[in-house]
Amino acid sequence: MSTGRLIAFVVAGSVTAMPALATPPCAGTPAEAGTVAAVEDGRTLTLSDGREIRLAGIEAPADGQALRALVDAQQLRLEGTGQDRYGRLGAYAYRPDDTEPVQFALLKAGKARVSARAGGNSCARALLAAEQSARAAGRGLWADPNFAPLGSQNLTTISAARGHFALIEGRVLSVRESGATIYLNFGRRWTRDFSVIIPKRARDSFAAAGIDTKKLEGRRIRVRGTIEQRRGPIVQAIAPEQIELID
């Protein structure tokens, strides 16, 4: 290959690589921009054209005060992630001068938590890093004991939170498989103690994210999701971003 052709190849390779570096970690399909007419709750907006927007990737207190302070009456650029069963558009929302979506501002201020479905590995890592910065500094919700992660052995508190989103921390006592399900057990009494259940079909996606379910026994983890009650309290983890390895 001649020197000239080699230089052209390297430059062309550099040019094609640049857009990938600039791609934001959380992205969707560009949707029509809109002006905020009302803030319905901590993550739901109504636009002046009547569309309802549900901020993707986060959970936030219902009062909506923090979101209102950020976006009230502002025009937002939207990256859509699809409609929910209520017809609301899931989206990452950007104020006019922002390079990051509103979700990151809420997380960094401690006014929101990363949801169970955070939009893929790179997006989940970025969102969790924003949450962690607020958690480490004790900002916002993280200064309130009511929002602290629940201990996996505190069954009374976990059961009282049934039907609600929560973070739960503890050491995995055992990993068992039965039928199409993987069970992460945090106690010996599986009919009473807390467990995380993972569909076997999701095993590969967890492995691709660096979480080998077979090696979680003895590890301390943090799981996020909605608490359900079966024989004992459980959280179903269907996406790897729901589990953080603590040690």
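One line per residue, one yes/no per condition, for (1) in a helix (DSSP H, G or I); (2) out of contact with any Ser or Thr (no Cβ under 6 Å at 6 or more places or on another chain); (3) buried (at least 20 other Cβ atoms within 10 Å of the Cβ); (4) at pLDDT 95 or above:
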residue	(1), (2), (3), (4)
92	no, yes, yes, yes
96	no, yes, no, no
99	no, yes, no, no
103	yes, yes, yes, yes
111	no, yes, yes, yes
119	no, yes, yes, no
124	yes, yes, yes, no
146	yes, yes, no, no
183	no, no, no, yes
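The set of residues in segment 122-144 being of a type in the set (S, T, N, Q) and touching a Pro at 6+ places or on another chain (Cβ under 7 Å) consists of 122 alone.
Can you find a residue in segment 21-37 that is modelled with pLDDT of 95 or more, buried (at least 19 other Cβ atoms within 10 Å of the Cβ) and not aromatic (Phe, Trp, Tyr)? Checking segment 21-37: at least one residue is modelled with pLDDT of 95 or more, buried (at least 19 other Cβ atoms within 10 Å of the Cβ) and not aromatic (Phe, Trp, Tyr). Taken over segment 223-236, residues that are touching a residue at least 60 places away in the same chain (Cβ under 8 Å) and within 22 Å of residue 60 (Cα to Cα) amount to 6. Scanning segment 189-217 for residues that are part of a loop (DSSP other than H, G, I, E, B) and among the aliphatic types (A, V, I, L, M), we see that the one that is nearest to residue 168 (Cα to Cα) is 216. Can you find, within segment 155-181, the residue that is farthest from residue 214 (Cα to Cα) among those that are part of a helix (DSSP H, G or I) and not polar (S, T, N, Q)? Taking the candidates together, the pick is 160. Among the residues making up segment 78-107, those that are touching a Lys or Arg at 6+ places or on another chain (Cβ under 8 Å) and either touching a residue at least 40 places away in the same chain (Cβ under 8 Å) or assigned by TED's automatic domain parsing to the domain that holds residue 209 (or both) are 88, 89, 90, 91, 93, 102, 107.
Mind listing just one residue for me: the one in segment 66-90 that is in contact with a Pro (Cβ under 9 Å, 6 or more places away or on another chain) and assigned to a strand (DSSP E or B) and, of those, surrounded by the fewest Cβ atoms within 10 Å (Cβ to Cβ)? Full working, then the answer.
Step one: filter segment 66-90 for residues in contact with a Pro (Cβ under 9 Å, 6 or more places away or on another chain), giving 74-80.
Next, from what is left, pick out any that are assigned to a strand (DSSP E or B): 75-80.
Details: 75: 14, 76: 22, 77: 17, 78: 23, 79: 18, 80: 17.
So the residue we want is 75.
Checked against (1) surrounded by fewer than 18 Cβ atoms within 10 Å (Cβ to Cβ); (2) over 21 Å from residue 60 (Cα atoms); (3) among the polar types (S, T, N, Q), residue 152 passes all but a single condition, namely (1). The set of residues in segment 212-241 that are within 22 Å of residue 132 (Cβ to Cβ) and at pLDDT below 95 comprises 239, 240, 241.
Here segment 73-130 is the region considered, the condition is being under 29 Å from residue 210 (Cβ atoms) and among the polar types (S, T, N, Q), and the residue that is nearest to the chain's Cα centre (by Cα) is 115.
Is there a residue in segment 221-229 that is assigned to a loop (DSSP other than H, G, I, E, B), out of contact with any His (no Cβ under 8 Å at 6 or more places or on another chain) and not charged (D, E, K, R)? Scanning segment 221-229 turns up no residue that is assigned to a loop (DSSP other than H, G, I, E, B), out of contact with any His (no Cβ under 8 Å at 6 or more places or on another chain) and not charged (D, E, K, R).
The values are calculated or read from the model by the stated rules, or taken from the named source; none is laboratory data. Predicted model, so just to flag it, every value in this text is computed and none were measured. Positions of Cβ are generated from backbone atoms using ideal geometry, with glycine treated the same way; all protein chains shown enter the neighbour counts.
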